[in-house]
Structure formats: C-alpha cells, structure tokens
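Shown next, in structure tokens, is the structure this report addresses.
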C-alpha cells in the first residue's frame, strides 16, 4: 500500500552499485528503513544529497508491516537548508544530532509531537544566527523528555557527581547550572544571550552523553562527539 508521510533522514549506507539503504524517522510510522534505487546512476530519480543527515522530506513509499526494508517511490524536500551544509559549526552539530537520533529512535510507530519537535528544531538550527554553540546541549535536554529520561537521574540535574558510596565529591560550576536552568525553561530554542565557556559546555554535554548512555542501550557507541568537541575548541 502506498503511504505518504513526512520524514527526517537519519543515516544512509551504500547498497550495490547505485542504491542506498536509508534510515528515516517518519511522522506516521516512526523509524523505518527504505531501499532507494538508482541514486548514483546517470538517470537518478533522487539525488544523493536528498538523504543527507537531518534533511526534512515529503515521502511516498510502499509500506508493508513487519517488512525490514520499505521501498521508496517519491521523495521531495519541502524545506531546503540554506546554512547547515555550508556552516562548519552547524554541519558538525547536525552530524552529531543525526547520530544521537539514529542511536535512540527505535519505535516503529508514529509520534507526531516528537516529529514536530524535531522538524522545528532543525529548521531553527538552519535559521539561527546566535547561540549556535549551545544548540546541541539544549536539544539533548528537551529530546530527553520524549525519551522519558529527563528526570530519571536526579544526580545529573542536581549538578552533583557522587562516588560509589554515594558521597558528593563534585558540584557543577554555577555558570553551567544557570545555563542548564535556562535551557530547560526555554523549549522553543536556546536563548541567544546564554554565556557558557567551552569547558562548561563540554561538561554539560559529557554529563548528558553519560546520562543517555545509562538509559539507552547502545548509546555508548556514539562516535561523533570527538569531532564536535574539536570544532568548538
């Protein structure tokens, strides 16, 4: 049966001489994988750039329940990114967030609220001019709400590290705690005026990565953080 749905491209791998297997997060069906034929041929119906990480798509595909690979019929891009592909900082953030989504989004059912959050967030990243360096920290905090892990670890959100015997031995710097509070209270995007040093930004992000890894199986395979950290240092 032919299904129409909005989708976000998360990941793709080459298949054969001219095809791709593309992992999408769709508004109606959650996560699914599609076979896209003839992408690298001379008469390609779909340019490979259409499936770059975080591209927002309108899709038509032949959907069969419990089928491992769906077959894509049509795809178009209703929102063309004008800065993400050409801005080093934004490109690094996009690759990092695409990997975060690839490792965490597992459900094969629709979640319109989550899809709306994601599409809004990535369009905001493309159009935003200030506060870009903090975008991924803000995103991971609010994405954690949809994963159900935002308040699962009070140690993280109290700003304290604890030892194995539960003794507090480190408290997060005040600048980091203030930024954390403002990120959490601004669901529409990271405020432009937040001042956060690179060490404190890295501290927050590393705490978030560890928090995700504790609650999401397989998240410890995250590889793109090293690249992101290098870009912002």
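The values are calculated or read from the model by the stated rules, or taken from the named source; none is laboratory data. A quick note: this is a predicted structure, and the numbers were derived from the prediction, not measured. Quick reminder, even Gly has a Cβ in these numbers, built from the backbone with ideal geometry, and neighbours come from all protein chains shown.
Structure values in brief
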| read-out | value |
| --- | --- |
| Segment 195-233, residues that are surrounded by 13 or more Cβ atoms within 10 Å (Cβ to Cβ), modelled with pLDDT of 90 or more and outside any helix (DSSP H, G or I) | 196, 216, 222, 224 |
| Flag for residue 129 being in a loop (DSSP other than H, G, I, E, B), modelled with pLDDT under 95 and exposed (fewer than 14 other Cβ atoms within 10 Å of the Cβ) | yes |
| Residue, modelled with the highest pLDDT, within segment 156-177, restricted to residues that are over 24 Å from the mean Cα position of the chain (by Cα) and in a helix (DSSP H, G or I) | 175 |
| Any chance residue 64 is farther than 25 Å from residue 148 by Cα, free of Cβ contacts under 8 Å to residues at least 12 places away in the same chain and either surrounded by fewer than 21 Cβ atoms within 10 Å (Cβ to Cβ) or assigned by TED's automatic domain parsing to the domain that holds residue 122 (or both) | no |
| Residue count, segment 49-61 (criterion: surrounded by 14 or more Cβ atoms within 10 Å (Cβ to Cβ) and either outside any strand (DSSP E or B) or touching a helix residue (DSSP H, G or I) at 6+ places or on another chain (Cβ under 9 Å) (or both)) | 8 |
| Candidate set: segment 7-38, residues that are touching a residue at least 40 places away in the same chain (Cβ under 8 Å), part of a strand (DSSP E or B) and touching a helix residue (DSSP H, G or I) at 6+ places or on another chain (Cβ under 7 Å); chosen: the one surrounded by the fewest Cβ atoms within 10 Å (Cβ to Cβ) | 11 |
| Residue within segment 88-111 that is assigned by TED's automatic domain parsing to the domain that holds residue 201, without any contact (Cβ under 8 Å) to a residue 40 or more places away in the chain and in contact with a helix residue (DSSP H, G or I) (Cβ under 7 Å, 6 or more places away or on another chain) present | yes |
